[in-house]
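A.B. asks: This is the structure I have questions about; it appears just below.
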Amino acid sequence: MKVYYRNSGVVAVPGLNSAFLSRDVLENLGFARLGEDVLIHSTAVIVDCGKISLGSRVRIDPFVIISNRGGVEFGNNVHIGGHSVLAGHAAVRIEDFVGISHYVGIYTSNEDLSGRTLSHPTVPGGDKTTRTASISFGRHSFVGAGSMVLPGARFAEGSVLGAMSRISRPMRPWTIYAGIPARRLLERRQDVLAEEQKYLASLKALR
Ligand SMILES: CC(C)(COP(=O)(O)OP(=O)(O)OC[C@H]1O[C@@H](n2cnc3c(N)ncnc32)[C@H](O)[C@@H]1OP(=O)(O)O)[C@@H](O)C(=O)NCCC(=O)NCCS
């Protein structure tokens, strides 16, 4: 059966019954920076692309929502898994080789839920927050599925947050955390650094 794409602004990946935005569409969205080989699924919602900087080989999967007034800076080889959300008022920085799994919430602001003020965006003043702070993900850090990353979270190089966990503070490098609130579980091996060198050499060889 011949397949027709009614929307010419998408590219089909063989064996996948949905589509990523074409380079033309990406270039017209007005990103602050757009690297090479960027894949953004056509169902992802990205608000204010001018505040988003994308390195190369970034992949943003289906149903991701990015609506962060502080902007988001992506390094190279970053993956955002399906249904994840990045929202709030402060900056998010995601360095090279970071993996964000599925259904992850990354919130740079917490709404004021004390009862002193109306809350949520449909009411005046509803965007008042009790805590707004930037969030950063160091190189090779990783967030497990269904986790909550809240204002003030700082992933150091190689930090891991397990599945269904919650973090809102700085983490140690090459250390695995999990739980609510997240606690240190164990040290992480650093073999990925040698793997990274091999991978980067293979990219160079392809050029
Ligand atoms: C955190 C993680 C990396 C630890 O894996 P591990 O080193 O194999 O650790 P274990 O499974 O042996 O668990 C060690 C202890 O931590 C606890 N633990 C592990 N993961 C946990 C989590 N996500 N939340 C709470 N506790 C957790 C275990 O219950 C165990 O406790 P115990 O010693 O009291 O029995 C792993 O559990 C995890 O969450 N991985 C991410 C999974 C994921 O998101 N997959 C989608 C990928 S796209």
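The values are calculated or read from the model by the stated rules, or taken from the named source; none is laboratory data. Computed from a predicted model, the values in this text were never measured in an experiment. All Cβ positions, glycine included, derive from the backbone under ideal geometry; neighbour counts span all protein chains shown.
A.B. asks: With respect to Thr108, determine if the residue is crowded, with 19+ Cβ neighbours inside 10 Å and away from the ligand (no atom under 16 Å from the Cβ).
C.D. replies: Yes.
A.B. asks: Would you point out the residue of region 83-105, among those that are touching a residue at least 24 places away in the same chain (Cβ under 8 Å) and over 28 Å from Val192 (Cα atoms), that is surrounded by the most Cβ atoms within 10 Å (Cβ to Cβ)?
C.D. replies: Gly88
A.B. asks: Give me a count of the residues in region 133-143 that are under 12 Å from the mean Cα position of the chain (by Cα) and either buried (at least 23 other Cβ atoms within 10 Å of the Cβ) or within 16 Å of the ligand (Cβ to nearest atom) (or both).
C.D. replies: 5
A.B. asks: Here's a follow-up. On the given criteria, is Ala163 among the small types (Gly, Ala, Ser) and within 15 Å of the chain's Cα centre (by Cα)?
C.D. replies: No, not satisfied.
A.B. asks: Before we move on, is Ala178 over 14 Å from Gly99 (Cβ atoms), buried (at least 19 other Cβ atoms within 10 Å of the Cβ) and near the ligand (Cβ under 10 Å from one of its atoms)?
C.D. replies: yes
A.B. asks: Also: Given (1) part of a strand (DSSP E or B); (2) small (Gly, Ala, Ser); (3) within 16 Å of the ligand (Cβ to nearest atom), identify the lone condition not met by Gly158.
C.D. replies: Among (1) part of a strand (DSSP E or B); (2) small (Gly, Ala, Ser); (3) within 16 Å of the ligand (Cβ to nearest atom), the lone unmet condition for Gly158 is (1).
A.B. asks: Hey, another quick one. Whether any residue in region 177-196 is in contact with a Ser or Thr (Cβ under 6 Å, 6 or more places away or on another chain), within 26 Å of Gly71 (Cα to Cα) and of a type outside the set (A, V, I, L, M, F, W, C) is what I want to check.
C.D. replies: Within region 177-196, not a single residue is in contact with a Ser or Thr (Cβ under 6 Å, 6 or more places away or on another chain), within 26 Å of Gly71 (Cα to Cα) and of a type outside the set (A, V, I, L, M, F, W, C).
A.B. asks: Please work out which one of (1) at pLDDT 90 or above; (2) assigned to a strand (DSSP E or B) is the condition Val11 fails and give its number.
C.D. replies: Single failed check for Val11: (1).
A.B. asks: So, in region 82-105, of the ones that are away from the ligand (no atom under 12 Å from the Cβ) and of a type in the set (Gly, Ala, Ser), which residue ends up farthest from Arg131 (Cα to Cα)?
C.D. replies: Filtering region 82-105 for residues that are away from the ligand (no atom under 12 Å from the Cβ) and of a type in the set (Gly, Ala, Ser), the one farthest from Arg131 (Cα to Cα) comes out as Gly105.
A.B. asks: Under the condition of being more than 11 Å from the ligand (Cβ to nearest atom) and under 18 Å from Val78 (Cβ atoms), which residue from region 144-155 is surrounded by the fewest Cβ atoms within 10 Å (Cβ to Cβ)?
C.D. replies: Arg154
A.B. asks: Follow-up question, since we're still on this one. Hey, among Phe74, Phe63, Phe31, which residue is of a type in the set (Phe, Trp, Tyr) and on the phi > 0 side of the Ramachandran plot?
C.D. replies: Among Phe74, Phe63, Phe31, only Phe63 is of a type in the set (Phe, Trp, Tyr) and on the phi > 0 side of the Ramachandran plot.
A.B. asks: So, one more: Determine which member of the set Arg189, Arg184 is in a loop (DSSP other than H, G, I, E, B), within 16 Å of the ligand (Cβ to nearest atom) and surrounded by fewer than 15 Cβ atoms within 10 Å (Cβ to Cβ).
C.D. replies: Exactly one of Arg189, Arg184 is in a loop (DSSP other than H, G, I, E, B), within 16 Å of the ligand (Cβ to nearest atom) and surrounded by fewer than 15 Cβ atoms within 10 Å (Cβ to Cβ), namely Arg189.
A.B. asks: Name the pairs whose Cβ atoms lie under 8 Å apart, with the first residue in region 186-198 and under 13 Å from Phe97 (Cβ atoms), the second of a type in the set (A, V, I, L, M, F, W, C) and surrounded by 10 or more Cβ atoms within 10 Å (Cβ to Cβ), and 6 or more positions between them or separate chains?
C.D. replies: Filtered contacts from region 186-198: Gln190/Trp174; Val192/Phe97; Glu196/Phe97.
A.B. asks: Can Pro170 be described as closer than 22 Å to Val72 by Cα, away from the ligand (no atom under 12 Å from the Cβ), under 16 Å from the mean Cα position of the chain (by Cα) and modelled with pLDDT of 95 or more?
C.D. replies: In short, no.
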